[in-house]
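The values are calculated or read from the model by the stated rules, or taken from the named source; none is laboratory data. All values derive from a computational prediction rather than experimental measurement. FYI the Cβ positions are ideal-geometry reconstructions off the backbone, even for glycines, and counts take in every protein chain you see. When the accessible area is computed, the model is the full protein with side chains, heavy atoms only, and any ligands, DNA or RNA have been set aside. Shrake-Rupley method; radii C 1.70, N 1.55, O 1.52, S 1.80 Å.
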Amino acid sequence: MSHKDDKVLETFRQGFDDIPAIVGTGLPQLRRARYLLVHVDDAKAVRRWLRDLLAADVVHSLARVRAKGQPKKPRRGDPVHSKPARDVTQMVTIAFSHAGLTALGLAEDARFPFPTPFRVGGASALRRQLLGDAEQPAWQWGDTAADAAFETHIFIAHYWSEQHVSEPLALLDPARLPAGLRALNVSSCPSYIAPPHAGEPAAFEPFGFRDGIGQPVIEGMGLSTAEKKARQASGPLFDDRLIQPGEFVLGQVNEYGERSYCPNVEGWPRDSSPVSGFARNGTYLAVRQIEQHVAVFNRFTSQAGVPMLADMMVGRRKPVAASPQEAGYSVLGGARPPSEIDAFRYLTPDANGLECPRGAHARRANPRDALALDVEAGIVGSKLHRLLRRGRVYSEGCTQGGDTDACAGHPQGREGETPCGRGLMFVALNTDFERQFEFVQKSWLAGARFGDLADEQDPLLGTSPDRAFTVQGCPVGQRIGPLPRFTTVRGGGYFFAPSLKALRWMAEEKELAALQPA
């Protein structure tokens, strides 16, 4: 199948009214956010609550937030796709763990079961061992009962605009949830997202670097204003970011030219097949709450005696007062055009890692063309493992509002040794946990031999107490280590965000009551 086949992409466009909005955007203009980790004790109470959320007009479809891409060569009779509404002031994403689906009375169809990673759970000891997670400390929450302190059945991401919403939706107030639901609340700090008047929706993370750079762009979806500017500035390199929709939306065509597999559940009233059914037009979320030890990171990188060590570990330039315009650019010397932050490859300009070290976080998380003998093969290979990131910085006790970049208790906002942000609520969309999230985590980030290195891991996310980081050089490089732990995972799991059709069906009473366990 040609990736330019508009007939195939049109089936994706036809699903825009059904696909969750989070596939299209994390809506950075909605700077306020919180995450609810919900445990279900009463399935009927949950369904009533879901119906109320759907009635509140905060659970949006992709059509509400993104335009449909036009065919390359429009033909007479082709539909003219309308632009999305610009009045979204709140958005809610609802996703369920496998245990959560069971708690609602749903039983998977034996003919089309859910994949093993989702069924076992991302917080299970098995998956954590597979991914190289540290055994300690124990996770505070997760999608399985045996391996986390708080079993999470439903993952809620709630975003809103502080300019247009004086008080967020009461339905999602943890203190006012209906009986039969219990929740942990994790808030975000908006100081890590540039305010609306800044012009560019830049986001930062607690170590002080730009975040959210190098995101995939889904084929068949209209480009945002920022993506249009990037395409113009990047030229042919922009195609490196174009990914087929089936990498992020179940039932759509993926990078193999096949439709991604769709699990099904008993009682689903529509047709079902390996590429259709209950899960069609939904997506999977890999979620991790990652605490970042800012003081440890700053102290180690400043005292190691290696110039720009923090930048080298991350693979991006940290904004400094002398050159704030360089924030987020790759440490590649030739990869800093005036208008595009992401238009570069590794293999031709820096195959040996003399400018951007081969083990840098940015290079491990998205190797681009670096892991093959030629550029084209490298790009094709890396596209099979891309993730669509929708995470944000989380905080504890943040009360910041308005356009300021500080909050009560954290007058410096995102600056200093003890910034408001405690870490990242990492949220990644994919349709195949093993081929996408787990592959990136196990083979690229935790891979000791990644990039022909020896006994190294990602310098930021690695857990081995003996790991090191090598800065390549000529004639010789420098190996730095052992590295302290810069991050700690506090919780996480695997969740399924259903299509709007499936979510409405889940919220209904009718025959679902018959599926409740005796």
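Among the residues of the stretch 300-318, those identified as surrounded by fewer than 22 Cβ atoms within 10 Å (Cβ to Cβ), touching a residue at least 24 places away in the same chain (Cβ under 8 Å) and within 18 Å of T487 (Cα to Cα) are F300, L309, A310.
Could you please let me know if V265 is over 26 Å from G391 (Cβ atoms) and modelled with pLDDT of 95 or more? Before you say what the answer is, go through the steps one by one.
Working: over 26 Å from G391 (Cβ atoms): yes; modelled with pLDDT of 95 or more: yes.
When the stated conditions are applied, V265 passes them.
Restricting attention to the stretch 145-175, the residues that are open to solvent by less than 20 Å² (accessible area, probe 1.4 Å) and among the polar types (S, T, N, Q) add up to 2.
Restricting attention to the stretch 205-214, report how many residues are open to solvent by 30 Å² or more (accessible area, probe 1.4 Å) and not acidic (D, E). The number of residues fulfilling the criteria is 2.
Within the stretch 334-388, the set of residues being part of a loop (DSSP other than H, G, I, E, B) and at pLDDT below 90 comprises G334, A335, R336, P337, P338, S339, E340, I341, D342, A343. Report yes if L172 is over 20 Å from the mean Cα position of the chain (by Cα) and farther than 20 Å from G391 by Cβ, otherwise no. In short, no. Taking the stretch 418-436 as the range and being at pLDDT 95 or above and open to solvent by 10 Å² or more (accessible area, probe 1.4 Å) as the test, the residues that pass are L424, F426, T431, D432, E434, R435.
Between A123, A134, A107, A95, the distinction of being surrounded by fewer than 19 Cβ atoms within 10 Å (Cβ to Cβ) and under 22 Å from the mean Cα position of the chain (by Cα) belongs to A134 only. Close Cβ contacts (under 8 Å, 6 or more residues apart or on different chains) running from residues in the stretch 489-500 that are among the β-branched types (V, I, T) to residues that are in a strand (DSSP E or B) comprise V489/R288; V489/Q289; V489/I290; V489/E291. Residues in the stretch 264-309 that are among the aliphatic types (A, V, I, L, M) and more than 16 Å from D432 (Cα to Cα): V265, I290, V294, A295, V296, A304, V306, M308, L309. In the set A123, A175, A110, A148, only one residue is at pLDDT below 95, of a type in the set (G, A, S) and assigned to a loop (DSSP other than H, G, I, E, B); that residue is A148.
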